[in-house]
Amino acid sequence: MSADLILGYKQTEIGIIPEDWGIAQIKEVCTLINGRGFKPHEWQSNGLPIIRIQNLNGSNEFNYFSGKFDSKILVKYNQLLFAWSGSRGTSFGPHVWKGNDALLNYHTWKIEIKQSRIDSDYFFYALRDLTSHIEGDAHGASALVHTQKSEMEKYFIRVPPLESQRNISKALKDIDALIDGLDKIITKKRDIQQATMQQLLTGRRRLPGFNGEWEVKRLDEIGIFLKGSGVTRDQASSGVLPCVRYGEIYTAHKYILRVFQSFISKEVAANAASLKMGDILFAGSGETKAEIGKCVAYVDNFEAYAGGDIVILRPINSDSTYLGYALNTQEICRQKASKGQGDAVVHISANALSTVEIKLPPKGEQTAIANILSDMDNELATLENRLAKACYMKQGMMQELLTGRIRLSYGN
């Protein structure tokens with residue numbers, strides 16, 4: 001035995017595992033049955049639904065088939081499947097069918113386990129763990145990948161005793177249930193927030209105690225416009241002073257600027273635009289007119305800077321948190337889209353943004369609305385943080401449980 005081996009563990013072709021575990025190739029434990037290549041002219045409006053890749057990603061839009069078919073491609077509830085051609089990190093890999101009886105399309109294998117020593121739920125997680133390795137070896141470009149049956153069958157999985165498999169799958173199903181539950185709550189809360197924004201930011205619903213008239217204002221009537229200054233990608237990690245680059249307005253922030261991703265040196269900051277509490281930052285460049293001019297509100301009071309292609313609105317007597325929400329509504333986005341210039345890369349200038357019109361309530365009502373929406377944002381952020389921690393925990397659990405580094409034992 002190797003001096004590096006811990007007592008109770010052994011060395012195998014795929015690494016160190018507990019002594020009472022084994023290993024097996026995919027071809028030893030299951031049969032991979034490919035789906036049928038249904039042609040578009042065979043699609044019908046009734047019959048059994050055809051499972052295509054998008055249906056494994058949650059789409060409920062199906063094509064149907066009512067003709068004769070080989071029973072091998074019939075898929076029932078809880079059937080284990082493997083999409084051997086799909087998008088990396090999403091559709092490619094194992095899935096469990098949770099729908100009614102359906103027919104399997106091409107590009108997906110139906111997995112029939114042929115050994116009683118393999119638990120179906122455990123096998124799903126073992127395949128999920130293998131997926132990143134399979135993707136690394138798979139054919140295809142970085143986004144879309146595929147593998148072949150002959151290659152798939154060569155992979156090994158670790159095979160614990162059946163009771164251990166069930167213990168492992170139970171633990172992982174529990175964390176999956178937590179993740180799924182949090183995901184559903186977040187989706188519901190987001191829908192509620194969007195509906196609330198639509199009502200409060202348009203005046204369709206008034207808060208108790210407020211009855212003042214709303215006024216239509218151009219943006220150049222409520223503040224002054226400034227421009228950010230260029231900060232290169234290399235300079236974005238040159239120091240400790242927080243800085244916003246225009247692309248981050250799209251990718252890292254929603255309505256309020258909460259966490260910075262770029263940090264610049266004093267030398268770079270000397271040529272950048274300094275931010276003040278209450279500034280509204282618009283992305284001056286983008287890929288589409290639909291998203292051009294997305295903005296965030298800076299509501300903190302510490303030293304921070306804006307990079308190039310950012311247009312800054314410095315409001316004079318408006319609630320900036322309110323503006324962070326209101327200037328991203330559908331109506332305002334339509335106005336910004338109509339003022340964007342360019343095709344491959346779209347730009348919007350301070351002059352164009354200055355003519356955007358917004359319907360504003362009195363400042364006190366702005367603040368009350370902003371507080372409600374900000375509270376919703378904070379609740380969502382807490383839930384999203386819990387979800388991220390649960391996903392991180394699951395990854396750690398899979399690494400520890402599926403290698404046998406941590407052993408589980410459930411009582412009777």
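In this structure, Thr403 does not qualify as closer than 17 Å to Tyr255 by Cβ, polar (S, T, N, Q) and either crowded, with 17+ Cβ neighbours inside 10 Å or assigned by TED's automatic domain parsing to the domain that holds Met197 (or both).
Quick check on region 371-385. Is at least one of its residues small (Gly, Ala, Ser) and more than 30 Å from Val311 (Cα to Cα)? Even if it seems obvious, please write down each step before you answer.
Taking region 371-385 as the starting set, the residues that turn out to be small (Gly, Ala, Ser) are 374, 381.
Cutting the leftovers down to more than 30 Å from Val311 (Cα to Cα) gives us none.
No: zero hits.
The residue that is nearest to Gly22 (Cα to Cα), among those in region 105-144 that are without any contact (Cβ under 8 Å) to a residue 24 or more places away in the chain and not small (Gly, Ala, Ser), is His133.
Kindly provide the set of residues from region 80-114 that are among the β-branched types (Val, Ile, Thr), buried (at least 20 other Cβ atoms within 10 Å of the Cβ) and within 19 Å of the chain's Cα centre (by Cα), ordered by number. Hits for region 80-114: nothing passes. Assessment of region 161-179 against the conditions (assigned to a strand (DSSP E or B) and either without any contact (Cβ under 8 Å) to a residue 60 or more places away in the chain or over 22 Å from the mean Cα position of the chain (by Cα) (or both)) yields no matching residue.
For region 115-128, the tally of residues that are outside any loop (DSSP other than H, G, I, E, B) and surrounded by fewer than 19 Cβ atoms within 10 Å (Cβ to Cβ) stands at 3.
Within region 92-123, how many residues are more than 23 Å from Val29 (Cβ to Cβ) and among the small types (Gly, Ala, Ser)? Of the residues in region 92-123, 2 are more than 23 Å from Val29 (Cβ to Cβ) and among the small types (Gly, Ala, Ser). Somewhere in region 275-283, is a residue more than 24 Å from Ala352 (Cβ to Cβ) and modelled with pLDDT of 95 or more? So far as region 275-283 goes, yes, one or more of its residues are more than 24 Å from Ala352 (Cβ to Cβ) and modelled with pLDDT of 95 or more.
Kindly indicate the residue of region 181-209 that is assigned to a loop (DSSP other than H, G, I, E, B) and among the small types (Gly, Ala, Ser) and also surrounded by the most Cβ atoms within 10 Å (Cβ to Cβ) among those meeting that condition. Outline the logic, then answer.
We begin by selecting, within region 181-209, every residue assigned to a loop (DSSP other than H, G, I, E, B); these are 201-209.
Cutting the leftovers down to among the small types (Gly, Ala, Ser) gives us 203, 209.
Working: Gly203: 15, Gly209: 8.
Across region 181-209, the extreme among qualifying residues is Gly203.
Somewhere in region 312-329, is a residue of a type in the set (Lys, Arg) and either within 23 Å of Lys276 (Cβ to Cβ) or in contact (Cβ under 8 Å) with a residue 24 or more places away in the chain (or both)? Don't jump to the end; show me each part of the working.
First pass over region 312-329, keeping only residues of a type in the set (Lys, Arg): 314.
Adding the requirement that they be either within 23 Å of Lys276 (Cβ to Cβ) or in contact (Cβ under 8 Å) with a residue 24 or more places away in the chain (or both) leaves 314.
Among the residues of region 312-329, at least one is of a type in the set (Lys, Arg) and either within 23 Å of Lys276 (Cβ to Cβ) or in contact (Cβ under 8 Å) with a residue 24 or more places away in the chain (or both), which makes the answer yes.
Against the test of being assigned by TED's automatic domain parsing to the domain that holds Glu153 and within 28 Å of Met152 (Cα to Cα), the options Ser66, Ser45, Ser91 yield a single qualifying residue, Ser91. Checked against the criterion of being among the basic types (Lys, Arg) and in contact with a helix residue (DSSP H, G or I) (Cβ under 8 Å, 6 or more places away or on another chain), the candidates Lys336, Lys359, Lys389 yield just one match: Lys336.
The values are calculated or read from the model by the stated rules, or taken from the named source; none is laboratory data. These figures come from a predicted structure and were not determined experimentally. Because the Cβ atoms are built from the backbone with ideal geometry, glycine has one as well, and the counts that use them run over all protein chains shown.
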